[in-house]
Amino acid sequence: MADNVKNQGPQTTGHVWDGTLEEYNNPLPVWWTYAFYATIVFAIVYWLYYPSWPIGQHYLPGFGTVEYTNAEGKTESWHWNTRAKLLKETQDAAALQKPYYDKIMGLPFERISKDPQLYSFVQSAGKPLFADNCAACHQSGGGGKIGYYPNLTDDDWIYGGSYDKIQETITHGRHGYMPPFAEALAPEQVDDLANYVLSLSGNRADPAKAAKGDELFHSHTAACFYCHGTEAKGRQDIGSANLTDKIWRFADVSGAADTASKVAAVRQVIDGGLGGSVMPLWEGRLTPEQIKLLAVYVHELGGGK
């Protein structure tokens, strides 16, 4: 009997093509069949648990739920969706961060930076805060952009670089202003001033024009010393720049190829003034805890004083 079965060969479906081509009847492996059925069961459960099939102008919301705290501080349950899940995860993360924020608010700035655990938290939590709220202007590393936004990694702080001053700047914002001199001064006078300003920081300039610019700078005609001081070192109380260092925020002197280009860069600022130097206030947009943490983070970028 066994020989007869063996001689019969593999089982076929009975379909024959071209007289010789037959279709084998090989059943699927049992494990594969069960796996296929399992995917069907999984799909049904998934459709029931999560939002799925459209029904008229609505959809199956699913029986899965997410619990979160609403604006009134009460726990609210809502059917599962990505928005509710994000809100829940955000609130969970805030709950984990709260002890650290409470400790930051209760300590002076100097002790925060010296506490290894808090300092690590400042770096980890401050980076996304800075990226979301500050990096659009000051760039991801805080390097800023000449002509537009200040560099936060150097030692040039026109409003002050202490913890308190940085916190004040973030909280209340800043609105800088320098009047245009294109109509108040003759082109030759602007050129003299530009040469004098260049010479203050050790850059090469025309000595004769710089001498005239010196006189004009300290005269009541241009009255530059009113804001920048008689020694041109600036005033932090009004946010006027120190013109004696080699840090250039608005005139791209460092990127200029020659003396003429440097003079032109300074002339452009003197001629046009600076009326749009605005940093928005973050009070009301960020919590006091976030602002204080950002103040420490910015201070530690490398340019704090």
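Enumerate the residues in segment 184-220 having an amide nitrogen under 17 Å from the point lying 7 Å beyond the Cα of GLN268 toward its Cβ. Inside the label zone: 191, 194-195, 198.
May I ask you to list the trypsin sites (Lys or Arg not before Pro) in segment 54-87 that are in a DSSP loop and have at most 16 other Cβ atoms within 10 Å of their Cβ? Intermediate results must be reported in sequence, preceding the final value.
Details: sites: LYS74, ARG83, LYS85; in loops: LYS74.
The qualifying sites are LYS74.
By the count of other C-beta atoms within 10 Å, a proxy for reagent exposure, MET178, MET105 are ordered fewest to most as MET105, MET178. Projected label points at GLU67 and ASP245, each 7 Å from Cα along the beta carbon direction, are separated by 5.4 nanometres.
Annotation: amide H of SER240 within the under-5 Å range of ARG235, sequence separation 5 or more or interchain, hydrogens built in the peptide plane.
Shown here are the Rg and Dmax of the Cα trace of the chain, at 35.1, 123 Å.
Looking at segment 193-295, which GluC sites (Glu not before Pro) are DSSP coil and have at most 15 other C-beta atoms within 10 Å of their C-beta? Don't jump to the answer; show the numbers that get you there.
Numbers: sites: GLU215, GLU231, GLU283, GLU289; in loops: GLU231.
Loop-located and lightly packed - GLU231.
Could you pull out every whole DSSP H run in the chain that spans at least 27 Å of Cα extent along its own axis and averages 0.0 or higher on the Kyte-Doolittle scale?
Details: long enough: 30-49 (28 Å, 1.35); 82-105 (32 Å, -0.76).
Long hydrophobic helices here: 30-49.
In straight-distance terms, cross-link reach from LYS212 covers every one of the aspartates and glutamates whose alpha-carbon lies under 15 Å from its own, apart from those fewer than eight places away in the same chain; here that gives GLU188, ASP191, ASP192. For the set LYS88/LYS145; LYS209/LYS233; LYS103/LYS233; LYS145/LYS165; LYS88/LYS114, the pairs lying more than 30 angstrom apart at their alpha carbons are LYS88/LYS145; LYS103/LYS233; LYS88/LYS114.
Any read-out appearing in this document is the output of simple, stated calculations on the displayed coordinates, not a laboratory observation. Predicted model only: the values in this text are computed from it and were never measured. Quick reminder, even Gly has a Cβ in these numbers, built from the backbone with ideal geometry, and neighbours come from all protein chains shown.
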